[in-house]
Every structure is written in structure tokens, then in C-alpha cells.
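This report refers to the structure that appears directly beneath it.
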Amino acid sequence: MPNQRKAIVTGAASGIGAATLLELVRTGYDVVGLDINEGGMAEVAQRAGTLGGRSLGLRVDVSDEAALVAAFAGACEWLGGLDALATCAGVANMTPFMDITVDMFRDVYAVNVIGTFLCLREAARHMHPGGRICTVASVAGLRGGGLSGTAAYAASKGGVLALTKNAARALADREISVNTVAPGATLTPMIEEAWKNEAHRRRVEAMAVQNRTAAPEEIAKSIAFLLSPDASIVTGATLVADGGLVMY
């Protein structure tokens, strides 16, 4: 298909990233998934193949600059270009405020903020005008935590929100649009352990007017919209997909 759109999805081995890769394949994209979890990435790529789509999984740590630069070059060569990027790779940290160490903070920032920046930069190197990027923040970055992730996580997701707006400004002259999705509680491996505490799960769900946890596939739909030509006038925006947890 000569007009097949081409995308890269990071963090594609599980959770929102896996759901996004599969959603894009379903809607007609060729997709390369990047993840540090090589086995999980291979399984998702295999699932994508059953949908009739063309996809490839590559192992990479998004915080490793040299490896990421090489992965983007290889991915774009395999794809034959790049139209869209979803930066779903991320890590959580649930350490109480007074117990967080500087090393913990750095580890979270390395993936969530620096990793996102590196992906934005490398995508911009390969994209032609009309390219679209969607980062993944969190309502924790909007409200300063208070859900499951604590200071390091909330601060890093606040960083993603600001980084996305800056990238939208910086890449506008290249005609590349950059937006972010800020999910609320979403049932991914990141929160599975926390959700075993029934009281905690009910507390967080009760903060949203829909009183429930999102499925990764629901967040993937929001990402797919922001990556699509249908969102042509949207850039520098935050799409809050949280069942009504944060309203402002």
C-alpha cells in the first residue's frame, strides 16, 4: 500500500504501548515497537501479525542515547519513513516522599523525561512535514500525585507535559504536531501490584466520576486520534483521558 502510514511506538511490550501498537496496526499503519522487554515485544509483534498488519519489534532502552539513535534509524529504514510516534515507555515509582533517594529520582527521570525527549528529537530528524507525535503523561503530573505514583513519578509526568508543549513550539516550523495524553488509572502492569490492595483501588476509582479503571485499549484510542490526520489542527494540547478524575 503506497499510502500506508508508518509509526513507532515505545514501551510497546505491554500496557498502553502494546494496545497502541495493535490499535495502529488495526487502523492501517506499519508499526515498529520499541521496548526493553524483548520477549514481550516479540509477543506483541506476533499478535499484530494476526491482524494482517506489518510490524517489527526492537529491543532498546529509551534512556540509552546511542542505542535509541540507532534504533530509530533502523526502524525508519525498515518502515521507509516515519509519520507518527507514540512515546508510551515509562516507569513508575511508589516510594513515599521522605524515602525517595536521588538515585531513584534520576532513574525515573531517565526514562520518563529524558527518554521521551530523545524520542521526540530522533523522530523529528526522520519525519517529513505533517508528522504527528503523541507523548504519554499522567493525571499525576497535573495534580501532583495522590493516586499511586508519588513525588518522582508525578514530577516526571509534569515534566512530560511541559516538554510536550515545548516540542510543539520547537517543531512547528517543521510542520510536526506534538500532543500528549494524560491517562488516569489504567489497568497495566505498572499498577497491577497496587490494585491488589482493594481499598486503595476503590479510593482511586471513586475519585473519578465514572468510578472505574480504564483499559489500555481506551487510552490507545485517544493516542490514535492524536496521531491521525483528523487531529490536524491540534498541537501542544493535553487530552485528559481519566474518566472524569481531573476536571478544570
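Please treat every number below as a calculation from the coordinates, not as lab data. What you see is a predicted model; the values in this text were computed from it and never measured. Cβ coordinates were reconstructed from backbone atoms using ideal geometry, including for glycine residues, and neighbour counts include every protein chain displayed.
Rounded to the nearest whole Hz, the Karplus-based 3J(HN,Hα) values (6.51 cos²θ - 1.76 cosθ + 1.60, θ = phi - 60°) of segment 157-165 follow the sequence 6, x, x, 5, 4, 5, 4, 4, 5, with x at glycine and proline. Among V108, V31, V113, V102, the ranking by other beta carbons within 10 Å of each residue's beta carbon, starting with the fewest, stands as V102, V113, V108, V31. Expressed in Å, the radius of gyration and Dmax of the Cα atoms of segment 5-241 are 16.7, 50.
Sorting check: for 131-143, 84-96, which peptide has the highest mean count of neighbouring beta carbons within 10 Å, and how do the rest follow?
On the way: 131-143: 25.3, 84-96: 23.4.
With the highest mean Cβ count within 10 Å placed first, the list reads 131-143, 84-96.
Mean projected area of the convex hull spanned by the Cα atoms of segment 116-173, taken over all viewing directions: 4.0 nm². Look at the alpha carbon pairs under 8 Å that are at least 6 residues apart: their mean separation over the length of segment 5-241 gives a relative contact order of 20 percent.
Just to confirm my numbers, what's the Cα centroid distance between segment 14-57 and segment 100-155 in Å? Measuring centre to centre over Cα atoms gives 21 Å.
For segment 117-236, go through all pairs of different Cα atoms, get the mean of 1/r, take its inverse, and jot down that Kirkwood value in Å.
Numbers: mean 1/r = 0.0649 Å⁻¹.
Result for segment 117-236, one decimal place: 15.4 Å.
Kirkwood analysis of the Cα pair distances in segment 172-223 returns a hydrodynamic radius of 12.8 Å. Here's the picture: a label point sits 7 Å out from the Cα of D61 along the beta-carbon direction, and within segment 98-120 the residues with their amide nitrogen under 11 Å of it are 111.
Can you count the Lys pairs in the chain whose Cα atoms are under 26 Å apart, with each pair 8 or more apart or on different chains? Write out the running numbers ahead of the final one.
Numbers: K6/K165; K6/K221; K157/K165; K157/K196; K157/K221; K165/K221.
Close lysine pairs under the 26 Å cut-off: 6.
Legend: ranking of residues L147, L56 from fewest to most surrounding C-beta atoms inside 10 Å; resulting order L56, L147. Where the alpha-carbon atoms of segment 2-52 are placed on the principal axes, they occupy 31, 19, 15 Å, in descending order.
Sorting 187-196, 234-243 by average packing, meaning the other beta carbons within 10 Å per residue, from highest down gives 234-243, 187-196. Counting neighbouring beta carbons within 10 Å and listing from fewest to most, the residues Y29, Y109 come out as Y109, Y29.
For L239, nonlocal amide neighbours, meaning residues 5 or more places apart or on other chains whose placed amide H falls under 5 Å from its own, are T180, V181, A182.
Per-residue packing, averaged as other Cβ atoms within 10 Å, sorts the ranges 170-179, 215-224 into the order 215-224, 170-179, beginning with the highest. The ratio of the alpha-carbon radius of gyration of segment 1-141 to the globular-protein estimate 2.2 N^0.38 Å is 1.05.
Send over the Kirkwood Rh of segment 61-159, from the inverse of the averaged 1/r over different Cα pairs, rounded to one decimal Å. Evaluated on segment 61-159, it is 14.4 Å.
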